[in-house]
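To start, the structure under review is shown below, and the notes come after it.
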Amino acid sequence: MNGRDVFITGIGSYSPGNPVPFDQIEDVLGRITDASPKIMRRIDKMRPVIKELLGIEYSHYALDQQSRRMTENNVSMSVKAAEKAFENADISAGQVDLIVYAGILYDCLCPPSSVLVQEALNIPYCAEMAIHSNCTAIYKAIQVAADSIAIGRYDTALVVTSQMSSAFLRAEYFNQKAITEEQAILRWFLSDGAGALIISSERPSKKGFKIVDTYLESVGVGIPPTMKMMIGAENHIIPDFYEKGLHHLTQDIKTVSKIAPDMFIKGLNTMIEKSKLDVGTVKCFFANIPTKHLMDLAVKSLRRDWNNAKLPFYTKMATQGYQGAPAIVIALDNYINETDLKEGDRIVSFVTESSKWMHAGFILDYC
């Protein structure tokens with residue numbers, strides 16, 4: 001990065017509700033009861049297999065099991081995470097001159113979530129923007145905010161992300177007659193949550209990180225989208241998209257399982273090359289990967305390639321579920337509070353977004 005030094009001075013996260021054990025996920029989200037007989041049989045058969053592959057013990061949902069009503073929305077979760085970040089950074093909301101919101105499913109199509117977060121935090125004046133993406137969204141937001149501060153355009157940014165997976169995973173959302181096996185499987189590992197970062201030109205007075213570098217790439221040209229939700233301007237007639245199940249989130253799990261490991265390693269190696277990262281300086285690696293199976297493959301590959309059999313990896317997926325873009329902030333929040341870090345300790349994070357094969361990462365030094 002060029003320009004001024006840029007720091008993460010505050011981190012906050014929020015996971016709604018009580019932890020839900022894996023075996024109770026379907027009780028909270030509601031059970032699929034009206035799918036085709038073939039899909040119903042596959043759901044029953046896949047349940048123990050998916051439990052082992054994912055390695056998820058608990059998930060979090062902003063959904064009341066009894067009333068079937070949502071208990072939070074993206075903005076309310078974002079605000080709770082932001083308030084914790086402000087407290088940790090020892091600043092007030094009014095000191096923010098830039099908000100960058102990052103996420104995949106907004107509370108409404110218009111206005112953008114960035115201004116709704118601004119309203120909820122009662123920030124009378126600031127710049128704002130919203131970034132629409134999935135797993136890479138928060139990394140994109142960090143890069144935009146950090147670069148804007150480095151060049152002197154802004155001084156203090158609130159970067160916030162949230163994911164309301166339960167909104168599109170609960171049983172009532174689906175046209176169950178049109179549900180596919182892949183769509184049903186997603187209900188077991190996606191979770192709800194939010195995360196917030198205070199990014200500043202001022203060195204943190206408490207725990208924090210210097211942002212050494214950020215990285216983005218998009219390499220999916222020629223590869224069809226492998227994660228998608230096709231509701232939108234192209235499919236906007238409600239009876240039509242409901243009948244076809246185009247509003248369902250779907251993932252081509254076979255393709256992702258086949259090409260994601262190699263794509264991940266290739267993308268990470270490109271980031272290492274372009275950032276001139278010395279992998280020997282890395283204290284811990286944060287792999288934002290949604291399944292234990294793929295995580296284990298990444299861990300094995302990196303420990304081999306980096307010639308470091310003891311390279312630590314950190315994730316909170318087992319106890320949180322996979323919360324999409326907020327997952328990395330939630331992990332950082334836990335890590336910085338439970339780990340004895342020393343000045344200069346370096347952490348690296350990298351993620352693959354399979355929707356259209358984008359990669360993102362960052363390098364942080366503890367300070």
Between Ile223, Ile199, Ile151, where does the largest GNM mean-square fluctuation fall for the chain, given springs only between Cα atoms within less than 10 Å? Ile223
If you line up the long axis of helix 326-338 against the longest principal axis of the chain, both from Cα atoms, how many degrees apart are they, to the nearest 10? 50 degrees
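Holding the Cα-Cα limit at 26 Å, pick out from Lys84/Lys316; Lys283/Lys356; Lys140/Lys228; Lys80/Lys356 the pairs that are longer than that. Walk me through the intermediate numbers first.
Working: Lys84/Lys316 19 Å; Lys283/Lys356 30 Å; Lys140/Lys228 19 Å; Lys80/Lys356 31 Å.
In this structure, Lys283/Lys356; Lys80/Lys356 lie more than 26 Å apart at Cα.
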Taking all pairs of distinct alpha-carbon atoms in region 179-268, Kirkwood radius in angstrom: 17.2 Å
Solvent-accessible area per residue for region 2-72 (1.4 angstrom probe, square angstrom): 54 Å²
Accessible surface of region 18-142 [probe 1.4 Å, protein heavy atoms]: carbon and sulfur percent: 51 percent
Label corresponding to Cα extents along the principal axes in Å when calculated from the structure given, among (1) 129, 45, 38; (2) 60, 51, 39; (3) 71, 47, 35: (2)
Nearest-0.05 FRET efficiency for Val279 and Glu343 at R0 = 22 Å, using Cβ-Cβ distance, is 0.65
Which of these, Ala233, Ala35, Ala318, has the largest mean-square fluctuation under a Gaussian network model of the chain (Cα springs below 10 Å)? Ala233
All other residues with a Cβ under 9 Å from the Cβ of Leu341 taken together, and with Lys, Arg as +1 and Asp, Glu as -1, what is their net charge? 0
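For region 99-139, which chymotrypsin sites (Phe, Trp or Tyr not before Pro) are in a loop by DSSP, counting at most 15 other Cβ atoms within 10 Å? Display every interim value, and only then the final one.
On the way: sites: Tyr101, Tyr106, Tyr125, Tyr139; in loops: Tyr106, Tyr125.
Filter output for region 99-139: Tyr125.
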Summed over the other residues with a beta carbon less than 15 angstrom from that of Ser76, with K and R at +1 and D and E at -1, the charge totals -3
Please build a GNM for the chain, connecting alpha carbons under 10 Å apart, and tell me which residue among Thr339, Thr250, Thr136 fluctuates the most. Thr339
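Within a Cβ distance under 14 Å of Leu297, other residues only, what is the Lys/Arg minus Asp/Glu net charge?
Values: positive: Lys258, Lys266, Lys292, Lys300, Arg303, Arg304; negative: Asp262, Asp296, Asp305.
My count for the surroundings of Leu297 gives +3.
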Extension gain, Ala318 back to Trp306 (0.36 nm per residue minus Cα-Cα distance, nm): 1.8 nm
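The values are calculated or read from the model by the stated rules, or taken from the named source; none is laboratory data. Please read these numbers as outputs of a predicted model, since none were measured by experiment. A quick note on method: Cβ atoms are made from the backbone with ideal geometry, for glycine too, and the neighbour counts reach across all protein chains shown. With ligands, DNA and RNA removed, areas are computed over all heavy atoms of the protein, side chains included. Shrake-Rupley method; radii C 1.70, N 1.55, O 1.52, S 1.80 Å.
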